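The values are calculated or read from the model by the stated rules, or taken from the named source; none is laboratory data. Just so you know, these numbers come straight off a predicted model, no measurement behind them. All Cβ positions, even for glycine, are placed from backbone atoms using ideal geometry, and neighbour counts span all protein chains on display. What goes into the accessible areas is simple: the full protein's heavy atoms, side chains included, and nothing from ligands, DNA or RNA. Shrake-Rupley method; radii C 1.70, N 1.55, O 1.52, S 1.80 Å.
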Amino acid sequence: MINKLLSCIKYLNRQRNLKIKPLKSAIKLYLLNRKKKERSLLTIEHYSKVAILMNDQGIGDAIVTSYLIESLRKNNFKVYVIVEKRIAFLFDEFITVDGILLYDRKKNIKKIRDQLGNIKIDIIVDLVDKGPNSVRRSQIIKIINPLHTIGFNHEKYKLYDSSINYHEYNSHITMRSQKVLELLNIKSDSIKYYLNIPVSIEQEVKNYLNPIITLGKKIIIFNPFGSNSARSFSSSQIEIILSFLSQFDNYITIIVGESEKISQIKALQNIIINPMSCFFNTVALVKYSDFVITVDTSIVHVASTYEKKMLCVYNNRIIDRKFVNNFVWGPNYANAIQIFTNENLNTGLGDLISNLDVSVILKQLKNELNN
């Protein structure tokens, strides 16, 4: 009886917190914005330093944003990124920027000010709509205090001097970068990502693949795991797909992903478990491959960078109740074939890829590999 009562109390507390949290966030946003008296005018000729808000984002976000970063740098802007430590390594060399500002949500975010030193940021770009982390983003904007802030659909908030009205939640995420470039009167090139594989790692991968290529075999990269179980193949699906791929003697399939996960997979004839654990090694493997098979994860955007022939599986996620992930974060290039799961739950988690009939994948693979 006591345990049941305690469970009931915990449940009621959770429900209360779920309702109170949005209210608390709304109050914090109001207080942060009311301190700014008026919006600044966009005077592009006075600006030279741009910071892009990328807190709470991942590897895929960074790769896609490389298009905006490079476009700005080509037009004589110095570009800084505001990121968490877990993805900061991407901006040492892999994606070229002029500076990194580290953000730690668990520590005092005012330390960002110490990292700036004598640097004065002219523009902050926030590519994200109002959402769960809006308070953190607003706090960062307040701390950096740029001359001008560009955001999307933030008309109500004075911290955003220019608010781009944009509600195309089926359009690819790079369209937002294009809208920013248009606002800054920058004529952008065709959409392309800009990645720099460290020279030593690229050479290591070329040396590794050379014996395979010398035998006249082609390379398939297979990435079976996403960032969570909903976006990952099941063990049985992986076994069936690998069994199918092993029959093609003119192909060698290399399985990539987190070492602790892929090490559990049984290697078959013509199948190799990637022995190199560094993410940049995986990028180089994709670059020198002939075909990529992957679930929805950063590998999609790596393959897009090199316009690789690709088969990718997406699971009908809806992000923040409005972004249709299949399209907003899709591959967005002609050489990619997308397969969608068919449960159409349209939730934040999406369908379980593990429930997809694997024969749908095999049919498409047979058609592609035989051609």
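Is there a residue in region 191-210 that is at positive phi, open to solvent by 20 Å² or more (accessible area, probe 1.4 Å) and either touching a residue at least 24 places away in the same chain (Cβ under 8 Å) or not in a helix (DSSP H, G or I) (or both)?
no
Please tell me if Asp357 is among the acidic types (Asp, Glu) and touching a residue at least 60 places away in the same chain (Cβ under 8 Å).
Working: among the acidic types (Asp, Glu): yes; touching a residue at least 60 places away in the same chain (Cβ under 8 Å): no.
Here the answer is no, as Asp357 does not meet what is asked.
Report, by residue number, each residue of region 212-225 that is in contact with a strand residue (DSSP E or B) (Cβ under 9 Å, 6 or more places away or on another chain) and open to solvent by 10 Å² or more (accessible area, probe 1.4 Å).
Passing the criteria: Ile212, Ile213, Leu215, Lys217, Lys218, Phe225.
Just name the residue that is farthest from Arg176 (Cα to Cα) out of those in region 55-73 that are out of contact with any strand residue (DSSP E or B) (no Cβ under 9 Å at 6 or more places or on another chain) and at pLDDT 95 or above.
Ile59
Which of the residues spanning region 83-100 are more than 15 Å from the chain's Cα centre (by Cα) and without any contact (Cβ under 8 Å) to a residue 60 or more places away in the chain?
First, pick out the residues of region 83-100 that are more than 15 Å from the chain's Cα centre (by Cα): 85, 92-93, 96-100.
Passing the criteria: Lys85, Asp92, Val97, Asp98, Gly99, Ile100.
So in region 83-99, with the set limited to residues that are over 13 Å from Ile63 (Cα atoms) and touching an Asp or Glu at 6+ places or on another chain (Cβ under 8 Å), which one is most open to solvent (accessible area, probe 1.4 Å)?
Lys85
Given the structure, is Pro146 out of contact with any strand residue (DSSP E or B) (no Cβ under 9 Å at 6 or more places or on another chain) and of a type outside the set (A, V, I, L, M, F, W, C)?
When the stated conditions are applied, Pro146 does not pass them.
Any idea which of (1) within 19 Å of Gly58 (Cα to Cα); (2) assigned to a helix (DSSP H, G or I); (3) open to solvent by 60 Å² or more (accessible area, probe 1.4 Å); (4) in contact with a helix residue (DSSP H, G or I) (Cβ under 9 Å, 6 or more places away or on another chain) is the one Arg136 doesn't satisfy?
For Arg136, the failing item is (4).
Name the pairs: first residue in region 234-263 and open to solvent by 50 Å² or more (accessible area, probe 1.4 Å), second residue of a type in the set (A, V, I, L, M, F, W, C), Cβ to Cβ under 6 Å, at least 6 apart or on different chains?
Ile240/Val358; Lys261/Phe225
Among (1) open to solvent by 80 Å² or more (accessible area, probe 1.4 Å); (2) farther than 26 Å from Lys85 by Cβ; (3) at pLDDT below 95, which single condition is Asn165 missing?
With respect to (1) open to solvent by 80 Å² or more (accessible area, probe 1.4 Å); (2) farther than 26 Å from Lys85 by Cβ; (3) at pLDDT below 95, Asn165 is out only on (3).
Considering only region 104-131, state which residues are in contact (Cβ under 8 Å) with a residue 60 or more places away in the chain and closer than 13 Å to Asp56 by Cα.
Correct list: Asp126, Leu127, Val128, Gly131.
Condition test on Asn55, is it among the polar types (S, T, N, Q) and open to solvent by 10 Å² or more (accessible area, probe 1.4 Å)? It would help to see each step written out before you state the result.
Details: among the polar types (S, T, N, Q): yes; open to solvent by 10 Å² or more (accessible area, probe 1.4 Å): no.
Taking the combined requirement at face value, the residue does not satisfy it.
Just give me the residues in region 147-159 being part of a loop (DSSP other than H, G, I, E, B) and modelled with pLDDT of 95 or more, in sequence order. Working first, answer last.
Filtering region 147-159 for residues part of a loop (DSSP other than H, G, I, E, B) gives 147, 153-159.
Passing the criteria: Leu147, Asn153.
Out of (1) open to solvent by less than 10 Å² (accessible area, probe 1.4 Å); (2) in contact with a helix residue (DSSP H, G or I) (Cβ under 8 Å, 6 or more places away or on another chain), the odd one out for Leu116 is which?
(1)
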